[in-house]
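The values are calculated or read from the model by the stated rules, or taken from the named source; none is laboratory data. The model shown is predicted, which means the values in this text are computed figures rather than measured ones. Counting neighbours? That spans all protein chains shown, and the Cβs are built from the backbone with ideal geometry, glycine included.
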Amino acid sequence: MILIAGLGNPGKKYKNTRHNVGFMVVDELAKRYRLQFRKEDDYLIAVGGIENRIITLIKPSTYMNLSGKALKKLADEKILKNLPDSLIVIHDDLDLPVGKIKIKRNGSSGGHRGIQSIIEYLGTKDFIRIKVGIGKPERGDVSDYVLSKFSEEQKELIKQKILKASDAVITILKEGITKAMNIYNRGDC
């Protein structure tokens, strides 16, 4: 089984904000494969087949900074034994230009509190990340920026990049992370 987690904040207030691109990608995957989310403990979950594999999609409802709490409940022994390939986490990244996609096999949190929470709760940095760039604010508070919606000019770009990030997940499942990194970490993705 593979656990695919999209990070974000629950509730209408945060829908379509920069910090919720992870939710947007797993929503796209659920739509493509006709999977329905249901509310569980600290997360929304959808289970089904994608590319001949059993996949669990998860959207933590613990808010970004406690994302690891929800994943810890689902990351059973089998998942933890098969890291990094058994866990894919999709999240926003301030250090990437809006819409840029970058895939990593492991590493530090890079200051992302949702990723830091997962590292702390699971006790490992060894999991796949798909980062979707949200850019940095020119001025003002970073917290306000990540919780803001995309500008009108950025909405179409982000819509396209949500599709690309979903494609990246499928590439990882079908052809492996190395192939996905070769395709999606190029400058034009």
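Here are the numbers:
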{"item": "Output for the stretch 136-188, where each listed residue is over 21 Å from residue 50 (Cβ atoms) and crowded, with 19+ Cβ neighbours inside 10 Å", "result": "146, 150, 158"}
{"item": "Residues (in contact with a helix residue (DSSP H, G or I) (Cβ under 9 Å, 6 or more places away or on another chain) and either surrounded by fewer than 22 Cβ atoms within 10 Å (Cβ to Cβ) or part of a loop (DSSP other than H, G, I, E, B) (or both)) located in the stretch 94-103", "result": "94, 98, 99, 100, 102"}
{"item": "Some residue of the stretch 110-127 being part of a loop (DSSP other than H, G, I, E, B) and in contact with a Phe, Trp or Tyr (Cβ under 7 Å, 6 or more places away or on another chain)", "result": "no"}
{"item": "Residues of the stretch 45-72 classified as within 13 Å of residue 117 (Cβ to Cβ) and among the charged types (D, E, K, R), total", "result": "2"}
{"item": "Count of residues meeting criterion [modelled with pLDDT of 95 or more and out of contact with any strand residue (DSSP E or B) (no Cβ under 7 Å at 6 or more places or on another chain)] in the stretch 71-93", "result": "0"}
{"item": "Residue satisfying all of: in the stretch 1-53; small (Gly, Ala, Ser), outside any loop (DSSP other than H, G, I, E, B) and in contact with a helix residue (DSSP H, G or I) (Cβ under 9 Å, 6 or more places away or on another chain); farthest from residue 67 (Cα to Cα) among these", "result": "48"}
{"item": "Options 90, 58: the member that is touching a Lys or Arg at 6+ places or on another chain (Cβ under 8 Å), aliphatic (A, V, I, L, M) and either in contact (Cβ under 8 Å) with a residue 40 or more places away in the chain or outside any helix (DSSP H, G or I) (or both)", "result": "90"}
{"item": "Failed item in (1) within 19 Å of the chain's Cα centre (by Cα); (2) touching a residue at least 12 places away in the same chain (Cβ under 8 Å), with residue 143 passing the rest", "result": "(2)"}
{"item": "Residues of the stretch 31-42 classified as in contact with a Lys or Arg (Cβ under 9 Å, 6 or more places away or on another chain) and either at pLDDT 95 or above or over 15 Å from residue 8 (Cα atoms) (or both), total", "result": "3"}
